Structures are given as C-alpha cells and as structure tokens.
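The values are calculated or read from the model by the stated rules, or taken from the named source; none is laboratory data. The model shown is predicted, which means the values in this text are computed figures rather than measured ones. Heads up, the Cβs are rebuilt from the backbone with ideal geometry, glycines too, and the neighbour counts pull from every protein chain shown.
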Amino acid sequence: MTTAQSPRRLGLVLAVIATAQLMVVLDLTIVVVALPHIKQSLGFSDTNLEWVVNAYAVAFGGLLLLGGRAGDLLGRRRILIAGLLVFSLASLLGGLATGQAWLIAARAVQGAGAAMAAPTALSLIAVTFPEGRPRNRAVAVYSAMAIVGIVAGLIAGGLLVTYASWRWVFFVNVPIGLVVAALAARVLPETGRRGGRFDLPGALTATAGVALLVYGLSNAATTPDGVSHWGDTKVVASLTAGVVLLIAFVVIEARSSHPLLPFRVLRSRDRSGAYLISLCVGTALVSMFFFLTLFVQEVWGYSALRTAAAYLPFVPAVLATTAIAQQGVSRIGARPLLIVSSAIAAVGMFWTSRITEHSTYAGGMLGPELLLGLGLGPLFVLIFLVGLTKVNPGDTGVASGLVNVGQQVGGSIGLAVIGTVAFTVVANSLHSAKAAAAAAAQAGAHPSAAQAAALRTQAYHHALATGFSRGYLVSAGVLILPVIIALFMMRVSRQDLSSADPAPIGDASSPNPAEAEETRHRVMAIQPADAHRPGPGQA
C-alpha cells in the first residue's frame, strides 16, 4: 500500500510547482488591465506608465539565467521558496505604493523574484519526474499554466479592477505566494547544494546584456502617432551595449571553468531548436494578446471585464490539447507534433489577421483563438519537454532558464518589431484618411460637426484594424519558423521522450554520468521511507 502513496505525493509536488508557475505568469497580464487606473491614481504620464510593465520585464528577463543557475548550485527548492517570498513581499509593497518610483521599484523586485521562481520550478519537474510518461504529464500541466496564466491574468485583473481596486492586482499575490512557499517547504524534495562556484563575470554580463536588450526593445517600437523610436539615442545605446555584453558573455563562458551557461547544454540540436522555437512563440504570442486586447476595447468598445470573458474559450482549447500532447508525444514523437501544432497556430494567427472593425466576435475572434489554442497547447508542452530532454541533472536550472529567456526576450522583440509594423500602418492609414477628407472639403463637401466626428472615429477604427491585421500577418510568419526549425534542425525521436533512461554515457550534453542518478534520488526522496524497504521474501 505504501507504493500507492507515491503518485499522490508526486501529485502534490506538481500542484505546488504548477501554482507557482501560474502566479508568475498571471502577473504578466493582470497588471496590464489595471494600468489606466494606476495612471489616474498615481499621476503617471504615458511615458512613465510603460515602466510599470517594463521594470518587471527587464528584471525578469535579465535575471532568468542567474536564477536558474542559482537553483542548480544552491538548491532548487531553496531558491524557489526564496523567489516566492521575494515576489510576495514585492507584491505587498506594490499594492501599498503611494508614488511612481515606489511602484516601479516594487515591480522590478517582483521581476527578480519571478526570475528565481520560474526556472527552478521547471527544473524541479526535470529532476523529480523521470523521463517518459511521468515527466510528460507533469510538463503538460506546467505548460498549460504557462498559457492559461496569461488569460487568467486578464480575467482576474478585470474582476479586481471592476469590483475592488487596482491595488488588489498586487495584494492578491501575497496570500497565494505565502501559502505556496509554505507548501513547497513541506512537499518539494530538497536538492541540496552542489559543488561549484558562481561565475560572477558571466552572471554580470549575461544579466546586464539581457536586461539592456529587453529595455532597448521595450522602448524601440513605433508609437501610435507613427513616430519611430528605433533611432532614439537611448534605444541605440541600450541595444548596442546589450549585444556587446552578450558577446563578452560568450567569450567569458568559453574560458570559464564554472560557466553560468555550460555550452554542453547547447550542443544538442534538439534543445537548441526548442530554445529558438520558444523565442518565436514568445514573439508572436505576447504581441497577439497585446494588440487584440487593444483592438476589442478601442474598436469594439469592450469593457475590461468583457474583454477578459472574450478570451475564456481559449482556455479549454489549451487544456484539451496539452492533455492530448502529453499522450501523443510517446506514441507519435515530438517532431511531427511540433510541425503540426506550429502549422495550426500559424493558420490561427493568419485567421486573426482577417479581423476588421466590422467583424463579429464569433468570426473575428472566437474561431481564431480556438485554432490558436489547439496549436499553442501542444507547442508549449513540446518546447518544455524537448528543452530539457537528456540534459545533465546538474544543468536543469540553466536549461529551464533558457526556455524562459526565449519567451521573455521573444515577447519584447514581438512588441517592438510587430508593434513598429502595426503602428506604422496605423499612422499611414490615418494620414491617408486626413488627405481624403481634405480633398473632399476642397471639392465642396462640408459635413456637420457630428458627421465629421463620426468620420474621424470611423477612420481611426479602420486604421487600427488595418495596422493590427498587418501585425498579425507578421506574427503568422513568425509561427512558420518553428515548422522550419523542426524540419531541418531537430532530430528528437519518439524514444527520447518515452524512456526514463538518463542521458547516455558519452553524450556531449551530459559529460558527468554520475550526476544522472540525481533524478532517481529526487523521486526516492519524496516517497515514504518504508517504500524503499524490502518486503517479505525480498532480498
């Protein structure tokens, strides 16, 4: 009977990890809904208001690799709990903020806590659940939280802003974070400290390089008035400095005896392909949610709560397909599923690009989001699974960090590049509408004030629809890239994800086969003690 308790114990482990992931991801969108209320309450300008989002993104993206490696060296449970506590404290301070600097600083600390929690949560799955069906199932749940959390943030933000206050989008994290941290201390296995030391030069250059890259991209996009900021001094300086620091990071890692990012993690074409696909998905997905939310509120006139409700069908589509993916990966293999799910997601994004100011919810949003959910659900599962396949147990933290870095940097790239495309088209469309109105006036057309206002509104809505449609087309093209990567770069087989065997001796990504036993010890650590004793008649 004691062996029957082990799956239940593993279920508790997964519940704690999944809840931690949900809380971190939820915070990416829950604050976005509250921005207008925060602006009014604390007197933010439009420029400074961006930093309520950017401060979190810069700290989160910049510290992910360091957070993942800290878990590898100092103990994953320890770093996860520390990250949850830092995140909860920062959320409390954010909810109590009485000034702009206070809130922005709290958001940066939130990002730091998230950078500690996110990669260690995923790496705990890798070292606790053996490869094969147990890990596939666990990663499917984790992946579902990664996508559902985005929609849950919009829904929770809409409810809290409507019926409580913007401050509760921060306060809500506090009890959840404290409870999850307390459960983690009791439920999660202790991974212990590992021999080695921190690569301080690598940590500094990687953190600063990624942070500057995210910062530069966050400020580069063309704004709705058609003004491009790619040539701004702060953008050029940030992007240049970020690239230089990342080049220096590569040089440092190549020479370091204790690298922050061991290059053996990237020697696998399959894992490197998964990190590139993560970058592509982050680029397309984050910008899609941003522009679609803006569209339905500005053009269709949806409230924050109705906007959140419009995304609800996306959730069951994701949940259903993640469950199917974790079953199918052992039977069909990851590569065919990657190709098919990426193609489905690309078609869904192309369908989204057909949206206009005259579209209905059913034809313009519901159908595309269901198709996107069908494609993105399996895609997220496969990214996380392949990104950790056959990785040295001592490197799972940094491997998990790479998956998250791809999504975070991808999101910044998407908002910058796709935002530039979209708002450039918006500005051009508005310019054409003004020129047409001026030509009509010269021809003798003189509409009333009410008619002129209606025409301006109509032109604005058409411009947004046209610009965002062009942006979605770019996103659809980005989602084609995973198909190409899976076809020509990746060679992951069905057996790679259906076997519990560790990476083989001599695999370049796992040069120390003794560490492969860590996975088995993690599982044994969370089973009752008497489950390991020989039964009657056993040797």
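Details
- One residue from Arg77, Arg69 being in contact with an Asp or Glu (Cβ under 6 Å, 6 or more places away or on another chain) and either crowded, with 24+ Cβ neighbours inside 10 Å or assigned to a helix (DSSP H, G or I) (or both): Arg77
- Residue count for region 331-369 under the criterion of being of a type in the set (A, V, I, L, M) and either within 14 Å of Leu285 (Cα to Cα) or free of Cβ contacts under 8 Å to residues at least 40 places away in the same chain (or both): the result is 7.
- Restricting Arg107, Arg77, Arg69 to residues that are closer than 19 Å to Val174 by Cβ, modelled with pLDDT of 85 or more and basic (Lys, Arg) narrows the list to Arg107.
- Applying the set (1) surrounded by fewer than 16 Cβ atoms within 10 Å (Cβ to Cβ); (2) within 22 Å of Ala416 (Cβ to Cβ); (3) in contact (Cβ under 8 Å) with a residue 40 or more places away in the chain to Ala320 leaves exactly one unmet item: (2).
- Looking only at residues in region 147-170 that are buried (at least 21 other Cβ atoms within 10 Å of the Cβ) and among the aromatic types (Phe, Trp, Tyr), the one that is modelled with the lowest pLDDT is Trp166.
- Region 372-402, subset under 20 Å from Ser475 (Cβ atoms) and of a type in the set (A, V, I, L, M, F, W, C), residue farthest from the chain's Cα centre (by Cα): Leu374
- For Leu239: the one exception among (1) buried (at least 16 other Cβ atoms within 10 Å of the Cβ); (2) within 21 Å of Ala206 (Cβ to Cβ); (3) over 23 Å from the mean Cα position of the chain (by Cα); (4) not hydroxyl-bearing (Ser, Thr, Tyr): (3)
- Across region 171-187, a minimum of one residue is classified as assigned to a loop (DSSP other than H, G, I, E, B) and modelled with pLDDT of 90 or more.
- Restricting the search to helices (runs of 4 or more DSSP H) fully inside region 334-445 and requiring at least 1 residues that are under 22 Å from Phe60 (Cβ atoms) gives 367-388, 396-413, 419-442.
- The requirement of being assigned to a helix (DSSP H, G or I), farther than 30 Å from Tyr472 by Cα and not charged (D, E, K, R) is fulfilled nowhere in region 216-236; no residue meets it.
- Count - residues of region 352-370 that are under 18 Å from Leu481 (Cβ atoms) and surrounded by fewer than 22 Cβ atoms within 10 Å (Cβ to Cβ): 1
- Pairs with Cβ under 6 Å, 6+ apart, first in region 479-498 and in the same structural domain as Ser278 (by TED's automatic domain parsing), second in a helix (DSSP H, G or I) and among the β-branched types (Val, Ile, Thr): Pro482/Ile277; Val483/Ile339; Ile485/Ile277; Ala486/Ile339; Val492/Val386; Leu497/Val329
- When restricted to residues that are surrounded by fewer than 19 Cβ atoms within 10 Å (Cβ to Cβ), in contact (Cβ under 8 Å) with a residue 24 or more places away in the chain and assigned to a helix (DSSP H, G or I), region 94-103 contains 1.
- Scanning region 56-65 turns up one or more residues that are on the phi < 0 side of the Ramachandran plot, β-branched (Val, Ile, Thr), in contact with a Leu (Cβ under 9 Å, 6 or more places away or on another chain) and not assigned by TED's automatic domain parsing to the domain that holds Gly242.
- Scanning region 266-295 for residues that are assigned to a helix (DSSP H, G or I) and more than 16 Å from the chain's Cα centre (by Cα) yields a total of 10.
- Qualifying positions in region 410-436 - of a type in the set (A, V, I, L, M, F, W, C) and more than 20 Å from Ala476 (Cβ to Cβ): Ala427, Leu430, Ala433, Ala435, Ala436
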